[in-house]
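K.L.:
Handing you a structure now.
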Amino acid sequence: MKEYLRLDKILAHMGIGTRTEIRKMMKKGLVSVNGEIIKDPAHKINPEESSIMVAGEPVIYKQFIYLMLNKPGGYLSATTDEYEKTVLDLLTPEHQIFAPFPVGRLDKDTEGLLLLTNDGKLGHHLTSPRRHVPKTYYALIKGTVDTEDQSAFAEGVVLDDGYHTLPAQLTILNAGVRSEIELTIYEGKYHQVKRMFEVRGKEVIYLKRIKMGPLALDESLAPGEYRELTPEELARLKEDIPQ
């Protein structure tokens, strides 16, 4: 079904300016739709099928944004916080205007893949406990990780609060006094990876998420950098969402 929206609302959504600023631009004849100057802020159009120009520059309408962030340590996975920096502080104003939120959470000191979007349907789909979306982490572990740990994780371990985790896949990349591993889990309990290793008498000293569902971290992104998802990445994330 085609959706028709007020022109001033569309332009405000795209970060062109406040409603008041947009009305002034329209009054000056700076806004056109399909080549026709529009001065009525309440004029409704289908933004998906209309060519919008402001002061001679095209405005490409987007309802939703989907950003892949390589989260650095020291930032909260939240939209606002009175005292701490959040991942939204890493975004430019042109993306902040969409009011995205982090899909799921990474601990303050955890790095890696974090999806930011304003698409609530997709966010719920990826974080619903019933979905068991796989999440893969790379970690450095204080202590030698061995096949006994692999077997324990494959059966699920009982955390300090009595919760029995779902089976997880532990891959040992390098075993020693400081071990390198990859771990895939299917839920997102508080500090889960750290607590799973604590049960085994080992300590996580570095943690980075490298994959969530079909979405893999773009390793060309430095910590703190982000980019929009490609159409192919977005299609894979959405492929089993009920329409």
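K.L.:
Test S179 against the stated conditions and say whether it is surrounded by fewer than 14 Cβ atoms within 10 Å (Cβ to Cβ) and either over 13 Å from the mean Cα position of the chain (by Cα) or not in a helix (DSSP H, G or I) (or both).
P.N.:
no
K.L.:
A follow-up question, please. Any idea which residue in segment 87-97 is surrounded by the fewest Cβ atoms within 10 Å (Cβ to Cβ), counting only those that are over 15 Å from M68 (Cα atoms) and either modelled with pLDDT of 95 or more or not aliphatic (A, V, I, L, M) (or both)?
P.N.:
P93
K.L.:
Quick one: in segment 13-66, of everything that is among the hydroxyl-bearing types (S, T, Y) and touching an Asp or Glu at 6+ places or on another chain (Cβ under 9 Å), which residue is least open to solvent (accessible area, probe 1.4 Å)?
P.N.:
Only one residue tops the list, namely Y66.
K.L.:
Of all residues in segment 134-153, count the ones that are free of Cβ contacts under 8 Å to residues at least 40 places away in the same chain and either under 14 Å from E187 (Cα atoms) or crowded, with 19+ Cβ neighbours inside 10 Å (or both).
P.N.:
Summing the residues that are free of Cβ contacts under 8 Å to residues at least 40 places away in the same chain and either under 14 Å from E187 (Cα atoms) or crowded, with 19+ Cβ neighbours inside 10 Å (or both) in segment 134-153 gives 0.
K.L.:
Here's another thing I want to ask about it. For segment 161-218, what are the residues that are among the basic types (K, R) and modelled with pLDDT under 95?
P.N.:
Matches in segment 161-218: K189 only.
K.L.:
For the subset of segment 111-133 comprising residues that are closer than 19 Å to A168 by Cα, part of a loop (DSSP other than H, G, I, E, B) and open to solvent by less than 30 Å² (accessible area, probe 1.4 Å), which member is modelled with the highest pLDDT?
P.N.:
V133
K.L.:
Now a separate question. Can you tell me how many residues within segment 55-75 are out of contact with any Pro (no Cβ under 9 Å at 6 or more places or on another chain), of a type outside the set (S, T, Y) and at pLDDT 95 or above?
P.N.:
Total meeting the criteria: 2.
The values are calculated or read from the model by the stated rules, or taken from the named source; none is laboratory data. Since the structure is predicted, the reported quantities are computational estimates derived from the model, not experimental observations. Every residue, glycine among them, receives a Cβ derived from its backbone with ideal geometry; neighbour counts consider all protein chains shown. The area values use the complete protein model at the heavy-atom level, side chains included, leaving out ligands, DNA and RNA. Shrake-Rupley method; radii C 1.70, N 1.55, O 1.52, S 1.80 Å.
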